[in-house]
1. May I ask you to list pairs of residues, at least six apart or on different chains, whose Cβ atoms are under 7 Å apart, with the first in the stretch 64-91 being polar (S, T, N, Q) and the second being open to solvent by less than 50 Å² (accessible area, probe 1.4 Å) and not in a helix (DSSP H, G or I)?
2. Please state which one of E26, E7 is charged (D, E, K, R) and touching a residue at least 12 places away in the same chain (Cβ under 8 Å).
3. Pick from F141, F54: which is surrounded by 11 or more Cβ atoms within 10 Å (Cβ to Cβ), out of contact with any helix residue (DSSP H, G or I) (no Cβ under 7 Å at 6 or more places or on another chain) and in contact (Cβ under 8 Å) with a residue 40 or more places away in the chain?
4. Could you give every pair whose Cβ atoms fall below 8 Å, whose first residue belongs to the stretch 117-136 and is within 14 Å of K60 (Cβ to Cβ), and whose second residue is hydroxyl-bearing (S, T, Y) and outside any helix (DSSP H, G or I), counting only separations of at least 6 or pairs across chains?
5. Could you tell me whether any residue of the stretch 105-113 is open to solvent by less than 80 Å² (accessible area, probe 1.4 Å), over 18 Å from G25 (Cα atoms) and either within 18 Å of the chain's Cα centre (by Cα) or not small (G, A, S) (or both)?
6. Any idea which of (1) touching a residue at least 12 places away in the same chain (Cβ under 8 Å); (2) of a type outside the set (G, A, S); (3) outside any loop (DSSP other than H, G, I, E, B) is the one K101 doesn't satisfy?
7. Restricting attention to the stretch 1-32, and to residues there that are within 21 Å of K99 (Cβ to Cβ) and hydrophobic (A, V, I, L, M, F, W, C), which single residue is modelled with the lowest pLDDT?
8. From the residues in the stretch 33-49 that are open to solvent by less than 70 Å² (accessible area, probe 1.4 Å) and not small (G, A, S), which one is modelled with the lowest pLDDT?
Amino acid sequence: MKHKKIELKNKIINHLILNGKKETGEKILLKSFKELQKSSKKQPKKLIKLALIFSTPIFKIYKITIKKKKKKIKEIPTIINTKKARISLAIKFILATLKNKKSNYFYIKLHNEILLNLKSEGSAVQIKNKIQKQALLNKHFFYFYRW
């Protein structure tokens with residue numbers, strides 16, 4: 001059980017690395033943990049797990065260009081099988097949405113986004129829902145999926 005907690009923490013830190021410096025990712029995560037502790041009575045690790053659960057996608061959409069027919073783009077949905085890939089994609093969604101938000105400190109942005117994801121109002125959750133709708137609209141392309 002402890003191995004999974006350490007693995008999740010390391011995965012988040014690895015996504016937060018800036019310019020090859022792991023210390024910056026650790027500092028950002030620890031500061032956001034402290035902000036989460038101040039704002040809620042629950043443990044910050046559980047809050048981050050819940051935020052990741054709400055923003056984990058099931059489908060991923062690949063775009064394939066067909067060069068023979070005037071460069072048409074087909075969006076083929078695929079199912080993400082492994083939990084590690086789902087979690088890393090959820091972390092990428094959260095961090096991608098943070099770059100667009102305005103604030104002086106990155107850990108404050110991370111704290112706010114985690115709290116919004118807990119309420120299912122965050123932009124990472126909206127991205128996940130948009131991808132799922134798109135995958136269900138293009139489900140006739142599932143024949144490309146190799147079972």
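The values are calculated or read from the model by the stated rules, or taken from the named source; none is laboratory data. Since we're looking at a predicted model, the values are computed, not measured. When we count neighbours, we look across all protein chains shown, and the Cβ atoms used for this are built from the backbone with ideal geometry, even at glycine. For accessibility, only protein heavy atoms count, side chains too; no ligands or nucleic acids. Shrake-Rupley method; radii C 1.70, N 1.55, O 1.52, S 1.80 Å.
1. T78/F59; T78/Y145
2. Checking each option against the conditions leaves just E26.
3. Of the residues listed, the single one that is surrounded by 11 or more Cβ atoms within 10 Å (Cβ to Cβ), out of contact with any helix residue (DSSP H, G or I) (no Cβ under 7 Å at 6 or more places or on another chain) and in contact (Cβ under 8 Å) with a residue 40 or more places away in the chain is F141.
4. Note: pairs meeting the criteria are K128/T56.
5. Within the stretch 105-113, not a single residue is open to solvent by less than 80 Å² (accessible area, probe 1.4 Å), over 18 Å from G25 (Cα atoms) and either within 18 Å of the chain's Cα centre (by Cα) or not small (G, A, S) (or both).
6. Only one criterion in (1) touching a residue at least 12 places away in the same chain (Cβ under 8 Å); (2) of a type outside the set (G, A, S); (3) outside any loop (DSSP other than H, G, I, E, B) is unmet by K101, namely (3).
7. L18
8. Among those residues, the one meeting the criterion is P44.
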